[in-house]
């Protein structure tokens with residue numbers, strides 16, 4: 001099944017009666033999403049409306065990754081309330097379903113008191129799960145999951161081609177996370193992930209008035225920001241953060257251990273790379289991730305979602321209908 005977000009999530013008109021507002025700011029890492037979310041919240045506050053920023057980034061959910069995930073600092077929050085940032089301990093994997101359930105609950109609480117939730121993040125699967133719903137896949141057998149995720153990517157992909165050829169055909173052979181997920185589902189449930197995804201439930205897209213914006217800045221500028229930010233992270237506590245994470249002895253297949261930068265800085269701490277090379281590799285991994293996100297957000301969300309390709313804009317311009 002395609003990962004494209006359903007057009008149904010924007011079927012409501014701007015002022016749809018009975019459908020409370022939900023702002024959404026998406027795009028690749030280092031594109032300026034967090035800053036725009038705060039500016040929008042402050043603009044709403046200036047009009048007498050409460051707004052709260054909700055995290056939709058799969059790395060920023062982990063308490064262990066304050067620095068390496070570029071989680072907003074207190075100064076950057078500028079007094080605006082932020083939720084679902086650092087809400088999970090790294091020992092607990094936060095799935096898209098876990099995050100969507102938490103986000104759904106937070107959005108409901110905010111709407112109940114008349115506040116405007118502002119979703120901000122670059123994890124397309126999180127957003128798709130929240131808006132379009134989740135496939136009701138039953139819990140995966142832990143041993144099946146362990147075996148699937150410990151396989152080398154090439155071996156896992158070959159196994160998926162044998163066991164779920166349709167799913168393998170739509171995945172890149174090096175997409176280790178999605179390959180392992182598809183493999184564990186077919187092995188644990190006897191049904192393909194595509195079959196399960198045809199039964200999506202729980203999406204809130206039709207229950208809200210969505211005000212989306214997708215940030216897609218110039219790629220060269222975006223990659224330069226990725227490089228500069230990773231260097232700042234390394235100099236600003238990321239090495240110590242990874243050392244602390246390694247000391248916990250967590251399972252290496254956990255998402256927190258596979259976050260961008262953890263492997264590279266761990267290699268430095270183990271004496272396998274110089275710090276200079278670890279930073280270079282971490283920056284490259286960040287650029288690669290930003291490239292994948294850029295492509296996804298350029299093509300997968302509904303065409304009516306505004307794409308913003310410049311930094312020369314204001315929150316008031318991009319969210320005029322919400323700020324009326």
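Rule-based calculations on the coordinates, nothing more; no lab input. Predicted model only: the values in this text are computed from it and were never measured. In this analysis, Cβ positions are derived from the backbone assuming ideal geometry, glycine residues included, and neighbour counts consider all displayed protein chains.
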Theoretical gain in end-to-end length, residue 307 to residue 198 [0.36 nm per residue, Cα-Cα removed]: 36.4 nm
Separation between the residue 19 and residue 165 pseudo-spin-labels, each 7 Å from Cα along Cα→Cβ, expressed in nm? 4.1 nm
Would you mind giving the average projected area, over all directions, of the Cα convex hull of the chain in nm² with one decimal? 16.3 nm²
If we count other beta carbons within 10 Å of each Cβ, what is the order of 195, 141, fewest first? 141, 195
Note to self: C-alpha centroids of segment 128-177 and segment 201-249 sit apart, in Å, by 24 Å
Distance between modelled label sites at residue 288 and residue 144, nm, 7 Å Cα→Cβ extension: 2.9 nm
Contact order relative to length for segment 202-324, counting C-alpha pairs under 8 Å separated by 6 or more residues, stands in percent at 43 percent
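Could you compute the FRET efficiency for residue 276 and residue 154, with r as their C-beta to C-beta distance and R0 at 30 Å, rounded to 0.05?
Working: r = 30 Å, r/R0 = 1.00.
The value I calculate is 0.50.
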Could you check the simple spin-label distance between residue 298 and residue 248, using points 7 Å along Cα→Cβ, in nm with one decimal? 3.5 nm
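I need the peptides 176-183, 146-153 ranked by packing, meaning the mean over residues of other C-beta atoms within 10 angstrom, with the highest value on top. Numbers along the way, then the final one.
On the way: 176-183: 21.4, 146-153: 15.6.
Order by mean packing, descending: 176-183, 146-153.
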Going 7 Å from the Cα of residue 224 along its beta-carbon direction, which residues of segment 284-311 have the amide nitrogen within less than 14 Å of the resulting point? 311
Choose one answer from 262, 120, 137: the residue with the largest mean-square fluctuation in a GNM of the chain with alpha-carbon springs under 10 Å. 137
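Relative contact order, percent, of the chain when contacts are C-alpha pairs under 8 Å separated by at least 6 residues? Present the calculation step by step, with values, prior to reporting the outcome.
Values: 508 pairs, mean separation 95.2, N = 324.
Reported as a whole number, the value is 29 percent.
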